[in-house]
1. Just to check I understand the Karplus step: with θ = phi - 60° and J = 6.51 cos²θ - 1.76 cosθ + 1.60, what whole-Hz values come out for segment 142-155, glycine and proline as x?
2. Assuming R0 = 41 Å, can you tell me the calculated FRET efficiency for the pair D131 and R58, based on Cβ-Cβ distance, to the nearest 0.05?
3. Kirkwood hydrodynamic radius, segment 39-172, all distinct C-alpha pairs: what's the number in Å?
4. Find, among the chymotrypsin sites (Phe, Trp or Tyr not before Pro) in segment 60-144, those assigned to loop by DSSP (not H, G, I, E, B) with at most 14 other beta-carbon atoms within 10 angstrom.
5. Helix-derived [θ] at 222 nm for the chain: sum -39500 (n - 2.57) over DSSP H runs of at least 4, divide by residue count, nearest 500?
6. List the cysteines in the chain whose Cβ has no other cysteine Cβ under 4.7 Å from it.
7. By count of other Cβ within 10 Å, fewest leading, how are V130, V184 ordered?
8. For Q46 and D84 in the same chain, what is the full-extension length gain: residue separation times 0.36 nm, less their Cα-Cα distance, in nm?
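Here, each number is a calculation from the coordinates, and none is a lab measurement. The model shown is predicted, which means the values in this text are computed figures rather than measured ones. Glycine gets a Cβ as well: all are built from the backbone with ideal geometry, and neighbour counts include every protein chain shown.
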Amino acid sequence: MTNKVVRTHWAPGSTCPGPILDQRNVPPPIEIVCIFVQKIYDACSQRECEEFVFNVERPVSRIVSCQIVPGSVRALQTCITQFDGGPLARVDATIGADVSVTYIATDGTEVTIVRCVSFSKAVLLYAPEVDNFDYEVLTEAVFECLASRITSDGDLAVFIGAFIILKTGLYVQLLVPSYGFCPVPVECEELPDQPNVCIEFETRPFPDFYPPQLI
């Protein structure tokens with residue numbers, strides 16, 4: 001099995017963004033610079049799985065699909081407070097996503113509902129002097145609709161799983177080695193708005209105008 005090579009649009013060079021294939025080809029930095037960037041002080045990850053029951057107006061006969069609405073995963077609420085004098089902080093976060101469920105009702109109609117589901121977390125993370133600095137709680141999550149069923153009342157029940165990452169971040173000035181500014185990338189490969197059928201036609205060979213002869 002061969003690895004697929006994907007070319008980026010950065011011009012080739014020893015100091016261009018991309019994987020480092022050989023450490024010996026990496027030149028030394030040309031300067032040390034001060035950058036303003038968000039530093040992650042601590043992070044943790046957790047798995048969550050829970051069944052959510054959705055009341056519906058039309059009783060369910062058959063479930064067609066259950067999926068997470070793309071782009072709907074978001075932090076609904078975050079809070080950070082000092083814990084027991086520090087340097088740890090209590091981090092509270094509620095992470096949610098929209099779930100779209102399509103089902104066939106008992107009257108034969110197809111119905112799609114969209115509901116928000118969420119998980120609330122309370123964890124301890126490293127964040128020294130949290131009362132004196134403007135820390136930010138950062139969240140990342142991947143939600144999945146694992147299974148669905150019809151309840152005894154004819155409602156919907158879905159099992160939602162989530163991989164959740166919580167972080168404490170603070171914007172700071174850091175000294176880092178630098179290779180200078182990023183180079184100008186090569187020109188983009190533009191895709192045509194519509195295929196030019198005339199050009200395609202002009203490159204086709206002529207067809208046979210008469211049936212083949214016996215030889």
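1. Listing the rounded values in order: 10, 9, 9, 8, 7, 6, 8, 8, 9, 6, 5, 8, x, 8 Hz.
2. With a Förster radius of 41 Å, E is 0.20.
3. 16.5
4. F133
5. -500 deg cm²/dmol
6. C16, C34, C44, C49, C79, C116, C182, C188, C198
7. Listing V130, V184 from fewest to most nearby Cβ atoms yields V184, V130.
8. 11.4 nm
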